[in-house]
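What follows is a set of notes on a single structure, which appears directly below.
The values are calculated or read from the model by the stated rules, or taken from the named source; none is laboratory data. Just so we're clear, the structure is a prediction, and the values are computed from it rather than from any experiment. A quick note on method: Cβ atoms are made from the backbone with ideal geometry, for glycine too, and the neighbour counts reach across all protein chains shown. Heavy atoms of the whole protein, side chains included, go into the accessibility calculation; ligands, DNA and RNA do not. Shrake-Rupley method; radii C 1.70, N 1.55, O 1.52, S 1.80 Å.
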Amino acid sequence: MATSVRASVSQILRNKDDTGDEEEEPKKKSREDWRKAKELEEARKAGTAPAAVDETGKDINPHIPQYISSAPWYYGTSGPTLKHQRPQADREGQFTRLDTYYNKGVDTTKIATKYRKGACENCGALTHKKKDCLERPRKIGAKFTNAAIAPDEMDQPDLNLSYDGKRDRWNGYDPEQHKAIIEEYQKVEEAKRELRAKKLEQDPTATKGDEKEEEDEDKYVDEVDMPGTKVDSKQRITVRNLRIREDTAKYLRNLDPNSAYYDPKTRSMRDNPNPGATESEYLGENFVRFSGDTRSHGAAQLFAWEAHARGLDVHLLAEPTKLQLLQRQYDERKSQLKTQVKESVLEKYGGAEHLKVPPKELLLAQSEVFTRYNRDGTLVQGPEKQLAKSKYEEDVLINNHTTVWGSYWRDGQWGYKCCHSFIKMSYCVGEAGKSVVIDVPEEKKEIKEKKEKEPAKTEKSSSSESSSSSSSSSDSETDTRTKTEKTSKKKKNKKKAKKKKKKAQKKEKNAEDKLKKALEEEVRQQKRAEHLLSVDERKRPYNSMYEVKAPTEEEMEAYMMKRRREEDPMSQFM
């Protein structure tokens, strides 16, 4: 750390005026001085020379870089210092002490007996007005009664709390409050001792064990852990139901994929992973779940819910003894009613001998369930597991198809994979149908072009027929009239016919042009749709799958001509 003293120009001039010597100006350092300063700095860093000392007598770390240790020229330092890097006293904020806080409660030292001017009209306190009063509105305020005038609130200081002061949870806490709690507890303990002493005087045979039982049982409830939890006070972590690392994991008990199902989310395996084994350490969670008192506990819980739904105030955990007695009484009455009904029916109709029959399995020595046993009597193969079935039909093949509908997809349409047919409920022709389906689109185009040309021809012929018929009718009418009228009418009719022909031709031409454009647009839209369907969903442009405007008549006609008719079974063979 190179410590160089920087003096301002005004300081130099002031020193010059005070001393009156022109020779005491700061001299420029020579090369030798620079070398000595460098050697001293290296020695301080190595620890062979003592460190520099600031104005307060503290050592300055020699490894601090020069741009931090050197003070600016306007700071006015006379030696090495780090004071300019420390917080400045004139810039630091003045915060209130931690022992000062807002006053709580009301000022009970001054009690007013008469209403004061400017006080609350409701309660009589000077520190707030009537609209800010938190007391219950009186029927007649303290302004008129001069009775029960409330004490004034404390004057709150203007606190400027620091960052830690705002977040201090014990700021403003009065230790006297805790003393009051301790005193109250001591009074309760003394009252208990007096009660015990009176009981001993009345019954001197009472033992110390009876006294301990009478103590408050809830005193140590907070120290008890919940069942199924492990609380480590050092780590402050609660761990629930973690297996011991040395134990074998459940999914490693049987590696057969068709064995008991293991749920990785809940880490549970309900069935027995080794059902054929005579001795096994793990028999599945259902074995533990439905053994012992778990069944009776579940039945008790169900009885408690049903009783509560019918208006009985009973709870399994709060009042277990009451619930057990109620359940026992209920079961006894239920069994009595059953036996009474059974006996009454047998007395009336008879047939008690038919009830004393062994089960069907023992009578016929057979059952529909196939089971296989070893020589030692252990079960080898039991009843097959019932697989969960969907409500929809699965793997139903119809009309000679070997695959289901939807197993094949091409050009935005679903079909059968076995014959590449896009018609649902069609008959499968096997491999022969694949070649036919591929050649269909080209044949369809030629047929549609022919259909487009035919309506144009029929419209032209019909227009010519209408014009000839109109001219013949006009000639028959003009025979009865004069030649002048005939000539004028003929000219008019000819002009009208020409105009009609021109209009019809224009309409036909416009309709044909519009239809052609619509057909081209439909083909272009189909290609665009196929392209968009082939592109990844995330790369499709926004709102690319539909147009906002309504389609025109020409567009609807082009769509009807170009669309695939699924209901026509011969559409692919035309």
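Dividing the alpha-carbon radius of gyration of segment 23-115 by 2.2 N^0.38 Å (N being the number of residues), what value is obtained?
2.15
If you take the Cα atoms of segment 303-359, find Rg, then find the Kirkwood Rh from the mean of 1/r over all pairs, what is Rg/Rh?
Taking Rg over the Kirkwood Rh, I get 1.23.
So what is the diffusion coefficient of segment 254-335 in µm² per second by Stokes-Einstein at 25 °C and 0.890 mPa s, using a Kirkwood Rh over Cα pairs?
Approximately 157 µm²/s, per Stokes-Einstein.
Please go through segment 52-111 and write out the trypsin sites (Lys or Arg not before Pro) that DSSP classes as loop and that have at most 14 other C-beta atoms within 10 Å.
When the trypsin sites (Lys or Arg not before Pro) of segment 52-111 are filtered for loop state and at most 14 Cβ neighbours within 10 Å, 58, 91, 97, 104, 110 remain.
Along the three principal axes, how long is segment 27-178 when you take its alpha carbons, biggest first, rounded to the nearest angstrom?
In descending order, the Cα extents are 97, 39, 22 Å.
Jot down the radius of gyration and Dmax of segment 482-536, Cα atoms only, both in angstrom.
That works out to 23.6, 81 Å for Rg and Dmax.
If you split all Cα-Cα distances of segment 375-428 into 10 Å bins from zero, what percentages do you get per bin, shortest first?
In order of increasing distance, the bins hold 20, 31, 17, 13, 11, 6, 1 percent.
Taking 27 Å as the cut-off for C-alpha to C-alpha distance, list the pairs among 391/417; 110/130; 509/562; 496/562; 502/527 that go past it.
496/562; 502/527
If I ignore ligands, DNA and RNA and count only protein heavy atoms, how much of residue 133 is accessible to a 1.4 Å probe, in Å² to the nearest 10?
Taking all protein chains as shown, residue 133 has close to 20 Å².
Determine how large the accessible area of residue 528 is when every protein chain is in place; take a 1.4 Å probe and give Å² rounded to the nearest 10.
Approximately 90 Å² of residue 528 is accessible to the 1.4 Å probe.
Return the loop-located chymotrypsin sites (Phe, Trp or Tyr not before Pro) in segment 286-377 (DSSP other than H, G, I, E, B) with at most 16 other Cβ atoms within 10 Å of their own Cβ; answer none if there are none.
Here the chymotrypsin sites (Phe, Trp or Tyr not before Pro) that fit, given the DSSP loop and packing criteria, are 290, 370.
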